[in-house]
Each structure stands twice: as C-alpha cells, then as structure tokens.
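Novice: After the structure tokens below, expect a handful of questions from me.
What follows is calculated from the coordinates using simple rules that are stated; it is not laboratory data. It should be emphasised that the depicted structure is a prediction, and the values quoted were computed from it without experimental measurement. Backbone-built Cβ (ideal geometry, glycine too); neighbour counts: all protein chains shown.
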Amino acid sequence: MDSVLVQHNFIIIVLVELFEFGDKYRGKYDESVGVVKSYYASVSGYKDELLWGAMWLYKATGDDKYLEYVIGNAHCFGGIGWAMTEFSWDVKYAGLQIMASKVKANLFISHYMLQVQKQLYWFWKSL
C-alpha cells in the first residue's frame, strides 16, 4: 500500500476518534481549562465546531452519516438560520453554511440556501 494512502487512512481514523470524543464529551474547552478563559475564551461554544467537523469528515470520507449528523443537528445547534457576518477560529457557522451549499443541496431547505447567499453577500461586502 502506498505510504501516502496509509498516512491518509491513519489521519482519518484519528480525526474520526477526535470527533467522536468531542461529541461524547460536549462542552466549552475554556470551562475545563480555566487558565485560557481570560485570553482565549470561546464565545460561540462548541456546537459550531461539531457541525464543522462533521462536514469536513463527510467531505473527507464520503460517509453519509456525517452529513446526516449535520442535517440532524443543524437547527438545534443554531447558527444555520442566521445571516452570519463572522468566520473565525471561534465561529465556524459561516464556513459550515458555505460547505453545506456545495453538497447535496436538495437535502437543505431553501431557507438555509438563502442564509448562505446572505453570508456570501457580507463576505464580499467586507472585502
């Protein structure tokens, strides 16, 4: 087996384990590592990162369970129905909206697509 393929498969295994760990032990990291709260506090929480991670795992593996995770949790995790004006280390909803618009768009209702259009508008306006 090609060494690049072996490395790729190993990385996917580690990322799946990391995602499963984050989903099982939900919470903001700055609540468990208090020392970072004063200079690296999480404002958006952890739900956007779970959705973001699932979307990237879907893209990397093609496994529909990750896309189903995003679709199944998007509404209750928040951020999907909003016009986002920020994408940062802490807020991943805008990136998630853009990625979601590129995969199986027929699974997402038109409301979500409208939010992606608004996000792109704010992105281009800020340039």
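Novice: Using a simple spin-label model with points 7 Å from Cα along the Cα→Cβ vector, what separation in nm is obtained for Val33 and Leu127?
Specialist: Simple spin-label model gives 3.4 nm for this pair.
Novice: Ordered by residue, what ³J(HN,Hα) values in Hz, to whole numbers, does the range 118-126 give under the Karplus form 6.51 cos²θ - 1.76 cosθ + 1.60, where θ = phi - 60° and Gly and Pro are x?
Specialist: Per-residue couplings from phi come out as 5, 4, 4, 4, 5, 4, 5, 5, 7 Hz.
Novice: Leaving out same-chain residues fewer than 8 places away, which aspartates and glutamates sit with a Cα under 15 Å from that of Lys65?
Specialist: Counting by Cα, and skipping residues close in sequence, Lys65 has these aspartates and glutamates nearby: Glu17, Glu20, Asp23.
Novice: Relative contact order for the range 3-126: what percent, with Cα pairs under 8 Å and sequence separation of 6 or more?
Specialist: Working: 102 pairs, mean separation 25.6, N = 124.
Value for the range 3-126: 21 percent.
Novice: Same structure, new question: Under a straight-distance cross-link criterion of Cα-Cα below 20 Å, which lysines are reachable from Lys28, leaving out those fewer than 8 residues away in the same chain?
Specialist: Straight-line reach from Lys28, under 20 Å: Lys37, Lys47, Lys92.
Novice: Still on this structure: State, in angstrom, two size descriptors of the range 3-126 derived from its alpha carbons: Rg to one decimal place and Dmax to the nearest whole number.
Specialist: 15.5, 44
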